[in-house]
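Novice: Below is the structure I would like to discuss, written out as structure tokens.
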Amino acid sequence: MALDKDIYRAFEDVVGPDNISDDPAILDSYSYRWGPQTETFGQRFAAITLPKDTAEVQAIVRLCNKYGIQFKASSTGWGSMSNPGGPEVIKMDLRRMDRIIEINEKNMYAVVEPYVISVQLQAELMKRGLNCNIIGAGGNCSAHPYAAHYGGGHMGESTSLRERNILAVEWVTPEGEIVKLGSLGSLGEWFCGDGPGPSLRGITVGHAAPCGGIGVFTKAATKIYHWAGPPIFPIEGVSPQYAPSEIPPNFFYRYYSFPSAKEMVEAQRRIGESEIAFEVMGFNIAMLASNMGTSNDEDYAYFEQFRKLIQGPGFQVILMGNSPQDFEYKKQVLEQIIRETKGESLKPVEDPKIAGALIWRSIRITASIRECFRAGGAFSAALGGTHPYGEEVAYMEAVSKLKKDLIKKGILRDDDGYYLTWPHEHGHLGHAEILIQFRQTPESIDAIMGFSEAAMKMAIDNRYGVPHSLSGMAPDMHDMFGPHASNYNVWQRRLKQAFDPNEVSDSSGYIKGKQQQGVS
Amino acid sequence: MALEDYRKDMELCAKCSICKFIPLEKMKGVQPANVCPSISKYNFNAYSGGGRVNIGMAMLDNRLEYTDKLLHIIYNCQMCGACDVSCKYAMDMEVLEPIYEFRIKAVEEGHTNPALDKVINSLRKQGTMVPGAKAKRGEWAKGLGLKDFTRQKTKVVYHVGCLTSYDKDMWKTARATVNLLNKAGVDFGIGGENESCCGGRAYQMGYETDFIRQAQNNMALFKQCGVETIVTACADCYHAFKVLYDKFGLKGNLEVLHITEYLDRLIKEGRLKPRKKVAMKVTYHDPCHLGRLGEPYIHWEGKEIPGFQRRFDPPKELMRGTYGIYEPPRDVLRSIPGLKLVEMDRIKEYAWCCGAGGGVNESNPEFSLWTADERIAEAESTGAEALVTACPWCEKNFNQAIKECGSSLKVYDVVELLEKAI
Ligand SMILES: Cc1cc2nc3c(=O)[nH]c(=O)nc-3n(C[C@H](O)[C@H](O)[C@H](O)COP(=O)(O)OP(=O)(O)OC[C@H]3O[C@@H](n4cnc5c(N)ncnc54)[C@H](O)[C@@H]3O)c2cc1C
């Protein structure tokens, strides 16, 4: 809906005429949607703004409160939860806030603005012998830990996940106050999210990501980790034929498959327990094939080859040694675990050229787009939560049956019904997902909606925990899950009401201040 | 083809933003990260490759009118193809093609840009994209005693291009080219006043019909004169003859070589021997239309295989920038004694554009120079004293930007440096 001229001018005064637009062409480049929908274009924003700093963000938020207009901020804007929840929502595209504010090598943290993408931060860190967590969606997403959906990624074994990596934060609340959380609030330093100083970490982000529903996080510090690899990977070739000229010293890659999920989980548990792995990523072979293939044809050929070579579910492991001795030790432990859990290595990917390329793509996380979108432009997923690892895998085993039914009906791409699982922090926690690829037709969209609902219901009925699928989805989902999880929805709603009394921070991906009718 | 023909490609856009960045595997630090001048300058998503494709869909769905803003978006793109390469690292979809078609549609529906109309009028009247009279096109060669291929059959035709023909500052490159071809004993001719624009830049600006007319006329002349090989030092001409003429089924068996490919061949055959030292530290700028867009056109006809993966029968190979002309200009530079070649961060398939393409040089000089400035800063950061390129449009734009920003960087064409060494 078009903004009143005076209101538009008020926003224009904040960001300047070049950084605001309500032209339909500008708006439609934000309202285009991928994924399971019947319409290509969703709701248009009322206007798009491009604030350049915290002060401009704050001014926009204050104007939104003044005029009763909602706002939604986003980083790269990839997630569907970046879309507006109604016609009177202003977008804050944080593209111009793209600085790495600080890399603190000694205290192992980095401070970023929202439009620093993870690859930029990782590349800068690697020059210093450091690394960061990157969400599984890819290095093209924001490095800002509040932007991510749940914040887990391929390297979670050694780089944990979002809520555990967040340190101090600068937050523009829905009422337009600038709040500095953690050590930033008392000492002006970024090293800790919980103090000395006000700790609102559990309020601003919990199991469910805020997804734009509780203000704007203008800067955040994130933990960084040790990196024993080269400062720049020796990637050669011309796109998309990139491969490293060599596997760097003390790096090792293997993909293992197992007779059943039981052995696979046992292997992952033991790998975690022995703390030997840099990365344990539960790709299924369909994802592995997509990751490796530079086109759908190559992807198809790899998948057909691999499905004949595996025993059952599997995962990939990357080892990174700090010295030749450390590396040798880790390799020997891994070999023993795999032997004892009946794992088998997928031979074609042992080829150093292929393994080298897989290492790099899985550390930089550049191929999720291949894995999720290249086949047909749309994917959907049922996600587990971040819970004890075995529980996650059990949930996926159950959901996999639903997926196989749809494959039988010819609605989904046949990838043998596999799911993907991966541990965080050496297996203390784990996460699992099931990806589905399909062609968008009214019939397939209906089937996929039904699948998602059934997977959610299964999580409730069988007590598999609160899945991440609900982050960023319809707000009433929290009211569906809350009663089964300590009534968290009641607390979350109270926080929303307290921090956003005017409901200006668009809650279409969070929880609404007012409970919807008919939801318990 | 038309915008509608790319609907299925456009529907694949995942909004992942990789079209905005250099290929992620190649990122070496926080900067330089960007690859698309248009989104880098204007910031709204509609200015990115993905955003353009998204609004292409909106146009097809009759959601948009031609507003000033929409026309600003349409015409402020250098058509450099960097988004296309970055996207195709991961996806099997066309990006640059629908962007071309969107612009062509705007032109066909009468929504042109006045500055570009002026250029096209000159093309229609004088056969050139830069101001100048047809009769004066061959002036640069006065006194050189060169063969006219329209009167005398020659093995090779040296196509000089509009900018080099009419811009006196560029004559040195044409003359250096002549010198080198003579030294190598090549039997070549030029068109002089009978040479006409390749049409490539008209296509980039969205004037497809004008491009096709130029292409048809040129090919008719080449056929009539029995021309087998065309050599040009202009990346835009190279791309037009080699890729666009082929795309429109007009190229026939014409062999098209960029001068750097030809010189590289002559050096490797021992027909040119760079012996004189050129003690200089230089960096090389890949022109978009020679590099990522310079790979051979791939013809395909067939049908989509039903199923969940978008595959085709026969398999459809996409142009991803993999086989562009990257090494020949570098090999020529490497053959020059004393010359040290250092690389910028953004090179080859993910090189940053010089800013001059797609009509932006003519319609929005400020944006064109802004784009060049970014490249100049990148070149300076290598410690090179000169920026070397292989296209007169890049050279002109860089020189103008350097003049305005006061950089001490020199700009050369590869040909000029090789001439110094021979
Ligand atoms: C193929 C694919 C795979 C994925 N895999 C994973 C995965 O493995 N792990 C995972 O965690 N997520 C995953 N996701 C979800 C992903 O986190 C989101 O898609 C997210 O969009 C990533 O982009 P971004 O970080 O730039 O955030 P955006 O898309 O820009 O934003 C995501 C949400 O956060 C809000 N937001 C962003 N920045 C700010 C800010 N500074 N202040 C306030 N609110 C903000 C937005 O309003 C939006 O609701 C996946 C998504 C896709 C498409």
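The values are calculated or read from the model by the stated rules, or taken from the named source; none is laboratory data. What you are looking at is a predicted structure, and each value in this text was computed from that prediction instead of being measured. Cβ atoms come from the backbone with ideal geometry, glycine included; neighbour counts cover every protein chain shown. Just the protein is used for accessible areas: all its heavy atoms, side chains included, with ligands, DNA and RNA removed. Shrake-Rupley method; radii C 1.70, N 1.55, O 1.52, S 1.80 Å.
Novice: From the list B:GLY252, B:GLY226, which one is open to solvent by 40 Å² or more (accessible area, probe 1.4 Å) and over 22 Å from B:TRP393 (Cβ atoms)? Don't jump to the end; show me each part of the working.
Specialist: Details: B:GLY226 fails: open to solvent by 40 Å² or more (accessible area, probe 1.4 Å).
Matching residue, one of B:GLY252, B:GLY226: B:GLY252.
Novice: I'd like to know if the stretch A:257-264 contains one or more residues that are within 14 Å of chain B (Cβ to nearest Cβ), more than 19 Å from B:ARG346 (Cβ to Cβ) and surrounded by 18 or more Cβ atoms within 10 Å (Cβ to Cβ).
Specialist: Here is the first cut: in the stretch A:257-264, the residues within 14 Å of chain B (Cβ to nearest Cβ) are none.
Scanning the stretch A:257-264, I find no residue that is within 14 Å of chain B (Cβ to nearest Cβ), more than 19 Å from B:ARG346 (Cβ to Cβ) and surrounded by 18 or more Cβ atoms within 10 Å (Cβ to Cβ), so the answer is no.
Novice: Return the residues of the stretch A:283-309 that are under 20 Å from A:TRP360 (Cβ atoms), open to solvent by 10 Å² or more (accessible area, probe 1.4 Å) and in a helix (DSSP H, G or I); say none if nothing qualifies.
Specialist: Passing the criteria: A:MET287, A:MET292, A:GLU298, A:TYR302.
Novice: Report, ordered by the first and then the second residue, all pairs with beta carbons closer than 7 Å, sequence separation of six or more or different chains, a first member in the stretch A:136-150 that is without any contact (Cβ under 8 Å) to a residue 24 or more places away in the chain, and a second member that is open to solvent by 10 Å² or more (accessible area, probe 1.4 Å) and more than 6 Å from the ligand (Cβ to nearest atom).
Specialist: Partner pairs satisfying both residue conditions: none exist.
Novice: Just checking: which of the helices (runs of 4 or more DSSP H) contained wholly in the stretch A:405-520 hold 1 or more residues that are within 14 Å of chain B (Cβ to nearest Cβ) and surrounded by fewer than 22 Cβ atoms within 10 Å (Cβ to Cβ)?
Specialist: In the stretch A:405-520, A:442-461 are the helices (runs of 4 or more DSSP H) which contain 1 or more residues that are within 14 Å of chain B (Cβ to nearest Cβ) and surrounded by fewer than 22 Cβ atoms within 10 Å (Cβ to Cβ).
Novice: In the list A:ARG95, A:ARG128, A:ARG99, A:ARG164, which residue meets the criterion of being open to solvent by 10 Å² or more (accessible area, probe 1.4 Å) and away from chain B (no Cβ under 14 Å)? Write out each step before concluding.
Specialist: Working: A:ARG95 fails: away from chain B (no Cβ under 14 Å); A:ARG128 fails: away from chain B (no Cβ under 14 Å); A:ARG99 fails: away from chain B (no Cβ under 14 Å).
Exactly one of A:ARG95, A:ARG128, A:ARG99, A:ARG164 is open to solvent by 10 Å² or more (accessible area, probe 1.4 Å) and away from chain B (no Cβ under 14 Å), namely A:ARG164.
Novice: Out of all the residues in the stretch A:406-455, which are within 28 Å of A:GLU279 (Cα to Cα) and hydroxyl-bearing (Ser, Thr, Tyr)?
Specialist: Filtering the stretch A:406-455 for residues within 28 Å of A:GLU279 (Cα to Cα) gives A:413-437, A:455.
Listed by number, the residues that qualify are A:TYR418, A:TYR419, A:THR421.
Novice: Of the residues B:TYR47, B:TYR89, which single one is within 9 Å of chain A (Cβ to nearest Cβ), modelled with pLDDT of 95 or more and within 19 Å of B:GLY357 (Cβ to Cβ)? Spell out how you get there, then give the answer.
Specialist: Details: B:TYR89 fails: within 19 Å of B:GLY357 (Cβ to Cβ).
Answer to the check: B:TYR47.
Novice: Got a number for residues in the stretch B:57-75 being open to solvent by less than 10 Å² (accessible area, probe 1.4 Å) and more than 10 Å from chain A (Cβ to nearest Cβ)?
Specialist: 1
Novice: Is it the case, given these coordinates, that A:ALA221 is crowded, with 18+ Cβ neighbours inside 10 Å and within 14 Å of chain B (Cβ to nearest Cβ)? Reasoning before the result, please.
Specialist: Working: crowded, with 18+ Cβ neighbours inside 10 Å: yes; within 14 Å of chain B (Cβ to nearest Cβ): no.
Against the criterion (crowded, with 18+ Cβ neighbours inside 10 Å and within 14 Å of chain B (Cβ to nearest Cβ)), A:ALA221 does not qualify.
Novice: Find the residue count for the stretch A:29-73, including only residues that are touching a Phe, Trp or Tyr at 6+ places or on another chain (Cβ under 7 Å) and farther than 27 Å from A:VAL116 by Cβ.
Specialist: 2
Novice: Oh, and also: Out of the residues in the stretch A:67-81 that are among the hydroxyl-bearing types (Ser, Thr, Tyr) and surrounded by fewer than 24 Cβ atoms within 10 Å (Cβ to Cβ), state the one that is farthest from the other protein chains (Cβ to nearest Cβ).
Specialist: Step by step, filter the stretch A:67-81, then rank; the result is A:TYR67.
Novice: Is it the case that A:CYS141 is away from the ligand (no atom under 11 Å from the Cβ) and either open to solvent by less than 10 Å² (accessible area, probe 1.4 Å) or out of contact with any Leu (no Cβ under 9 Å at 6 or more places or on another chain) (or both)?
Specialist: Working: away from the ligand (no atom under 11 Å from the Cβ): no; either open to solvent by less than 10 Å² (accessible area, probe 1.4 Å) or out of contact with any Leu (no Cβ under 9 Å at 6 or more places or on another chain) (or both): yes.
No: the conditions fail for A:CYS141.
Novice: Name the residue that is nearest to B:TYR47 (Cα to Cα), counting only residues in the stretch A:40-66 that are hydrophobic (A, V, I, L, M, F, W, C) and either part of a helix (DSSP H, G or I) or more than 14 Å from every other protein chain (Cβ to nearest Cβ) (or both). First the steps, then the outcome.
Specialist: Within the stretch A:40-66, the first condition is being hydrophobic (A, V, I, L, M, F, W, C), and the residues that meet it are A:41, A:45-48, A:50, A:55, A:57, A:59-61, A:63-64.
Pick out the ones that are also either part of a helix (DSSP H, G or I) or more than 14 Å from every other protein chain (Cβ to nearest Cβ) (or both) and you get A:46, A:55, A:57, A:59-61, A:63-64.
On the way: A:ALA46: 19, A:ALA55: 26, A:VAL57: 22, A:ALA59: 26, A:ILE60: 23, A:VAL61: 26, A:LEU63: 27, A:CYS64: 26 Å.
That would be A:ALA46.
Novice: Also, quick follow-up: List pairs: first in the stretch A:371-400 and without any contact (Cβ under 8 Å) to a residue 12 or more places away in the chain and over 15 Å from A:ASN462 (Cα atoms), second open to solvent by 20 Å² or more (accessible area, probe 1.4 Å) and more than 16 Å from the ligand (Cβ to nearest atom), Cβ under 6 Å, 6+ apart or cross-chain?
Specialist: From residues that are without any contact (Cβ under 8 Å) to a residue 12 or more places away in the chain and over 15 Å from A:ASN462 (Cα atoms), there are no pairs.
Novice: Taking the stretch A:310-362, which residues are in contact with an Asp or Glu (Cβ under 8 Å, 6 or more places away or on another chain), surrounded by fewer than 19 Cβ atoms within 10 Å (Cβ to Cβ) and in a strand (DSSP E or B)?
Specialist: Within the stretch A:310-362, none qualify.
Novice: Within 16 Å of A:PRO248 (Cβ to Cβ) and among the aliphatic types (A, V, I, L, M): is that true of A:ALA382 in this structure? Talk me through it step by step, then tell me what you get.
Specialist: On the way: within 16 Å of A:PRO248 (Cβ to Cβ): no; among the aliphatic types (A, V, I, L, M): yes.
Considered against the rule, which asks whether it is within 16 Å of A:PRO248 (Cβ to Cβ) and among the aliphatic types (A, V, I, L, M), A:ALA382 comes out as no.
Novice: For the subset of the stretch A:113-124 comprising residues that are touching an Asp or Glu at 6+ places or on another chain (Cβ under 9 Å) and in contact (Cβ under 8 Å) with a residue 60 or more places away in the chain, which member is nearest to the other protein chains (Cβ to nearest Cβ)? Break it down stepwise before answering.
Specialist: Of the residues in the stretch A:113-124, the ones touching an Asp or Glu at 6+ places or on another chain (Cβ under 9 Å) are A:113-117, A:119-120.
Restricting the remaining residues to those that are in contact (Cβ under 8 Å) with a residue 60 or more places away in the chain gives A:113-114, A:119.
On the way: A:GLU113: 11, A:PRO114: 13, A:VAL119: 5 Å.
Only one residue tops the list, namely A:VAL119.
Novice: For the stretch B:258-273, does any single residue satisfy the condition of being outside any loop (DSSP other than H, G, I, E, B), aromatic (Phe, Trp, Tyr) and surrounded by fewer than 20 Cβ atoms within 10 Å (Cβ to Cβ)? Please lay out each step first, then the result.
Specialist: If we filter the stretch B:258-273 for residues that are outside any loop (DSSP other than H, G, I, E, B), which is where we start, we get B:258-268.
When the remaining residues are screened for being aromatic (Phe, Trp, Tyr), the result is B:262.
Now narrow it down to the ones that are surrounded by fewer than 20 Cβ atoms within 10 Å (Cβ to Cβ): none.
No, that holds for no residue.
Novice: Here's another thing I want to ask about it. For the structure I just gave you, tell me whether B:GLY321 is touching an Asp or Glu at 6+ places or on another chain (Cβ under 8 Å), farther than 18 Å from B:GLU395 by Cα and open to solvent by less than 10 Å² (accessible area, probe 1.4 Å).
Specialist: Spelling it out, B:GLY321 is indeed touching an Asp or Glu at 6+ places or on another chain (Cβ under 8 Å), farther than 18 Å from B:GLU395 by Cα and open to solvent by less than 10 Å² (accessible area, probe 1.4 Å).
Novice: Within the stretch B:97-124, track down each residue that is open to solvent by less than 30 Å² (accessible area, probe 1.4 Å) and within 14 Å of another protein chain (Cβ to nearest Cβ).
Specialist: Selection gives B:PRO98, B:ILE99, B:PHE102, B:ARG103, B:ALA106.
Novice: Could you figure out which of (1) open to solvent by less than 40 Å² (accessible area, probe 1.4 Å); (2) in contact (Cβ under 8 Å) with a residue 12 or more places away in the chain isn't true of A:SER239?
Specialist: Exception for A:SER239: condition (2).
Novice: Where residues in the stretch A:469-512 are touching a His at 6+ places or on another chain (Cβ under 7 Å) and within 16 Å of the ligand (Cβ to nearest atom), which of them is farthest from A:ILE178 (Cα to Cα)? Give the steps one after another, and end with the answer.
Specialist: Step one: list which residues in the stretch A:469-512 are touching a His at 6+ places or on another chain (Cβ under 7 Å), which gives A:470-472, A:489, A:492, A:511.
Next, only the ones that are within 16 Å of the ligand (Cβ to nearest atom) stay: A:470-472, A:492, A:511.
Values: A:LEU470: 28, A:SER471: 25, A:GLY472: 24, A:GLN492: 21, A:ILE511: 22 Å.
Result: A:LEU470.
Novice: Exactly one condition in (1) in contact with a Cys (Cβ under 9 Å, 6 or more places away or on another chain); (2) surrounded by fewer than 22 Cβ atoms within 10 Å (Cβ to Cβ) is false for A:PRO198; which is it?
Specialist: All conditions pass for A:PRO198, except number (1).
Novice: Is there a residue being within 22 Å of B:ASN113 (Cα to Cα), touching a strand residue (DSSP E or B) at 6+ places or on another chain (Cβ under 7 Å) and crowded, with 23+ Cβ neighbours inside 10 Å anywhere in the stretch B:22-44?
Specialist: Yes, the conditions are met somewhere in the stretch B:22-44.
Novice: Collect the residues in the stretch A:16-39 that are more than 9 Å from chain B (Cβ to nearest Cβ) and surrounded by 21 or more Cβ atoms within 10 Å (Cβ to Cβ), keeping them in residue-number order. Steps first, please.
Specialist: Start the filter on the stretch A:16-39 by keeping residues that are more than 9 Å from chain B (Cβ to nearest Cβ), which leaves A:16-17, A:20, A:22, A:36-39.
Within the stretch A:16-39, A:ILE20 is the sole residue that qualifies.
Novice: Given the criterion in a loop (DSSP other than H, G, I, E, B), within 11 Å of the ligand (Cβ to nearest atom) and outside the structural domain of A:ALA357 (by TED's automatic domain parsing), identify the matching residue among A:GLY212, A:GLY206. Working first, answer last.
Specialist: On the way: A:GLY206 fails: within 11 Å of the ligand (Cβ to nearest atom).
Residue meeting the stated conditions: A:GLY212.
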